Amino acid sequence: MRLGVLSVIAAFSVGVWVLALIGVASVASALASPGVAGTEPPAPLLSPAADGEAIASTHVPGLPAFPDSPLTAYNKSLVEGLMVTEVEYVAARPVAEVGEFYGSVFEQEGWTVTGESAVDGERTYSVELADRRASITLDPAGGSTEVRLELIEPVTVRGLTTDR
């Protein structure tokens, strides 16, 4: 009888252990799968430059880069359950023109401007669209504009969204 009880406990323990491994493997597989939003940065889109060279730009849905602007930095990370995308590029146009471009983008894409500031020629816009928040900073650099865009949004994994 004692051997039977020990066998049942051992079998139960092995079963729990196997189910735990399957669960961990499923979660790891789901996070590694290319169909999961937010696990991999999008491949850079290439557009031909006037001189024939390719200029890389990364498309952030609803917040496109100013046309023909080379990408200088890209980072996508998970911070406290939210996906944070940071993009930097240089637009070969003055801050005023790039600001007008983003004003049109905000209107066309349905973003609500929640804040706007201008200090020493630098402009910053804070915008929201549903559960997405973004900050776009335009910094003058000679006749060009350095653009820094930060997008914060919930992480979506196969139809499930983080509650933040």
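The values are calculated or read from the model by the stated rules, or taken from the named source; none is laboratory data. Computed from a predicted model, the values in this text were never measured in an experiment. A quick note on method: Cβ atoms are made from the backbone with ideal geometry, for glycine too, and the neighbour counts reach across all protein chains shown. For the accessible areas, the whole protein counts, side chains as well, though only heavy atoms, and no ligand, DNA or RNA atoms are used. Shrake-Rupley method; radii C 1.70, N 1.55, O 1.52, S 1.80 Å.
Descriptive notes on the structure:
- For beta carbons closer than 9 Å, sequence separation of 6+ or different chains, a first residue in segment 123-150 that is free of Cβ contacts under 8 Å to residues at least 12 places away in the same chain and under 17 Å from T85 (Cβ atoms) and a second that is surrounded by 17 or more Cβ atoms within 10 Å (Cβ to Cβ) and polar (S, T, N, Q), there are no qualifying pairs.
- Among the residues of segment 58-93, those that are in contact with a helix residue (DSSP H, G or I) (Cβ under 9 Å, 6 or more places away or on another chain) and either closer than 19 Å to E146 by Cβ or of a type in the set (S, T, Y) (or both) comprise L63, P64, F66, P67, S69, A91, R93.
- Test: residue in segment 77-93 that is more than 19 Å from the chain's Cα centre (by Cα), at pLDDT 90 or above and open to solvent by less than 40 Å² (accessible area, probe 1.4 Å): yes
- Conditions (1) open to solvent by 30 Å² or more (accessible area, probe 1.4 Å); (2) within 17 Å of V127 (Cβ to Cβ): number failed by Y102: (1)
- If you go through segment 84-114 and keep only what is farther than 29 Å from P154 by Cβ and not in a strand (DSSP E or B), you end up with A92, R93, P94, V95, A96, E97, E100.
- Residue match in segment 115-123 (condition: in contact with a strand residue (DSSP E or B) (Cβ under 8 Å, 6 or more places away or on another chain), open to solvent by less than 40 Å² (accessible area, probe 1.4 Å) and assigned to a strand (DSSP E or B)): yes
- Boolean, A134 is under 18 Å from the mean Cα position of the chain (by Cα) and either open to solvent by 70 Å² or more (accessible area, probe 1.4 Å) or among the small types (G, A, S) (or both): yes
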